[in-house]
1. Find all pairs meeting these conditions: Cβ atoms under 6 angstrom apart; at least six residues apart or on different chains; first residue within region A:99-116 and within 12 Å of A:Lys147 (Cβ to Cβ); second residue of a type in the set (S, T, N, Q).
2. Here is a check on your reading of the model: is A:Leu161 surrounded by fewer than 16 Cβ atoms within 10 Å (Cβ to Cβ) and in contact with a strand residue (DSSP E or B) (Cβ under 8 Å, 6 or more places away or on another chain)?
3. Looking only at residues that are surrounded by fewer than 16 Cβ atoms within 10 Å (Cβ to Cβ) and in a helix (DSSP H, G or I) in region A:258-277, which one is farthest from DNA strand B (Cβ to nearest atom)?
4. For region A:303-332, which positions are farther than 13 Å from A:Lys258 by Cα, within 33 Å of the chain's Cα centre (by Cα) and near DNA strand C (Cβ under 10 Å from one of its atoms)?
5. Specify the residue that is farthest from A:Phe183 (Cα to Cα); the eligible residues are those in region A:219-230 that are more than 29 Å from the chain's Cα centre (by Cα) and either among the charged types (D, E, K, R) or assigned to a loop (DSSP other than H, G, I, E, B) (or both).
6. Given (1) out of contact with any Ser or Thr (no Cβ under 9 Å at 6 or more places or on another chain); (2) at pLDDT below 80, where does A:Asn88 come up short, assuming only one miss?
7. How many of the residues in region A:90-143 are part of a helix (DSSP H, G or I) and of a type in the set (Asp, Glu)?
8. One residue is enough: does region A:313-322 have a residue meeting the conditions outside any helix (DSSP H, G or I), within 9 Å of DNA strand B (Cβ to nearest atom), surrounded by 14 or more Cβ atoms within 10 Å (Cβ to Cβ) and not hydroxyl-bearing (Ser, Thr, Tyr)?
Amino acid sequence: MKDIFSGVSPNNIFIYGKPGLGKTVLTKWVLEEIKKEAENRNIELCIINVNCEEIKTEHSILQRIVQELPTPNNEPRKVIGNSTSKHNEYLKYLVNDYKGIIIIVFDEMDKAINPEMINRIIRIQSISSGQFPTIIGITNDLELRDKFPPHLKSTLCENSLIINPYDAEQLIDIIKARVKITFKPNVVPHVVVHLCAAYAAQEHGDARRAIDLLRVSGEIAESKASTVFDEQDVRDAHDKLELDRVIEVVKTLPTQSKTVLLACIYVYNSPKENTMNNIYFMYSIICKAIEIDTLTQRRVTDLLAELNQLKIIDGINVYQGRYGRKKIITNITSKEQTLKTLYHDYHLTTIE
DNA sequence: AATCCACAGGAAGATTAGGATA
DNA sequence: TATCCTAATCTTCCTGTGGATT
């Protein structure tokens, strides 16, 4: 980024790292510092932050960028009611006139990739400064790079910054720093810190997870009115976070997936063998009962595989030679809570 | 060695939702 | 607002799979 201080647009940067490693925070912090320094040196700089999770479509992304760019002589901007192509033209107009350096950050870039659009943006050369806008792409999907066409890949990914997961020791440092500012001295024993770190290390070194664990186990200890907290609180916190995750995932599942999951639970609870056949049979009964379309078995297989991937159900294949092969569901994560959440869906309440 | 169960999962076409465009 | 377009969803059809049984 030091090119900025010589008045030149820096190269595009591609930042990759698993969730909870601080990609966004790091980017924000560095850019803040740069902004301050640029102000000191009287360098014009425009930083635009686009969170692609909130702003997904090409239209709204362009609108956002156009909104943030300074207009020539502070003339009133025309942002609302424009078509995408109008936005593109207007963007060119603004870039052409802007004399400083433009940096556009795409956070969670994988949520809204439109290679065409990004290509268009990085090729806009400003007439007044001769510079191209710089793009910083943040993502946790390493394969995103391969989804770009070759020419874009080479320009956009010319600088890749890969953020590695924290190991247990680094996590311990992070937690200790938190402990110091959050808790009274000697409230948090070493075991607790180490256990939080160990759990978070399992979650691909997620620092956010480590801090959440610390916070939730603190809350649990507090609710028990104890003055110190112990290992068990951390274990409870871990279970609670896991439960929250499952409930959140189940809540946002499409109705069809919910129905499949419900069928799984019913078959799992019944004395029947939880084979694919029985699950599909159960599923079709439920579908008729709540009057939604019954999908084919092929599709249900895929939905089951998705549930498996989300770690809501666990399944293994059992090979029985002559008697075929069975898919057996071995575990359903927090069954009771999941069931309750499922009944919450209005489609499913009728069969309660 | 051949058979066959009971399912997994790939390929390709059909359908559909909702975003872009005029 | 009407129409066009694209990407996601779903279907149909099909091939593959491990090992007890024949």
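The values are calculated or read from the model by the stated rules, or taken from the named source; none is laboratory data. What you see is a predicted model; the values in this text were computed from it and never measured. So basically every Cβ, Gly included, is an ideal-geometry build from the backbone, and we count neighbours across all protein chains shown.
1. Close Cβ pairs satisfying both conditions: A:Met109/A:Thr139; A:Asp110/A:Thr139.
2. Values: surrounded by fewer than 16 Cβ atoms within 10 Å (Cβ to Cβ): yes; in contact with a strand residue (DSSP E or B) (Cβ under 8 Å, 6 or more places away or on another chain): yes.
Yes: the conditions hold for A:Leu161.
3. Looking only at region A:258-277, we keep the residues that are surrounded by fewer than 16 Cβ atoms within 10 Å (Cβ to Cβ), and these are A:269-273, A:277.
Next, from what is left, pick out any that are in a helix (DSSP H, G or I): A:269, A:277.
Details: A:Asn269: 18, A:Asn277: 3 Å.
Among them, the one singled out is A:Asn269.
4. Selection gives A:Asn317 alone.
5. Initial filter on region A:219-230 (more than 29 Å from the chain's Cα centre (by Cα)): A:221-230.
Filter once more, keeping what is either among the charged types (D, E, K, R) or assigned to a loop (DSSP other than H, G, I, E, B) (or both): A:222, A:224-230.
Values: A:Glu222: 12, A:Lys224: 16, A:Ala225: 15, A:Ser226: 13, A:Thr227: 11, A:Val228: 10, A:Phe229: 11, A:Asp230: 14 Å.
Residue satisfying both the conditions and the ranking: A:Lys224.
6. Among (1) out of contact with any Ser or Thr (no Cβ under 9 Å at 6 or more places or on another chain); (2) at pLDDT below 80, A:Asn88 violates only (2).
7. First, the residues of region A:90-143 that are part of a helix (DSSP H, G or I): A:90-97, A:109-112, A:115-122.
Add one more test, that the residue is of a type in the set (Asp, Glu), and what stays is A:97, A:110, A:116.
Total meeting the criteria: 3.
8. Kept after step one, since they are outside any helix (DSSP H, G or I), are these residues of region A:313-322: A:313-320.
Keeping just the survivors that are within 9 Å of DNA strand B (Cβ to nearest atom) gives A:315, A:317, A:319-320.
With the extra rule that they be surrounded by 14 or more Cβ atoms within 10 Å (Cβ to Cβ), the set shrinks to A:315.
Checking which are not hydroxyl-bearing (Ser, Thr, Tyr) leaves us with A:315.
Within region A:313-322 (the criterion being outside any helix (DSSP H, G or I), within 9 Å of DNA strand B (Cβ to nearest atom), surrounded by 14 or more Cβ atoms within 10 Å (Cβ to Cβ) and not hydroxyl-bearing (Ser, Thr, Tyr)), the answer is yes, since at least one residue qualifies.
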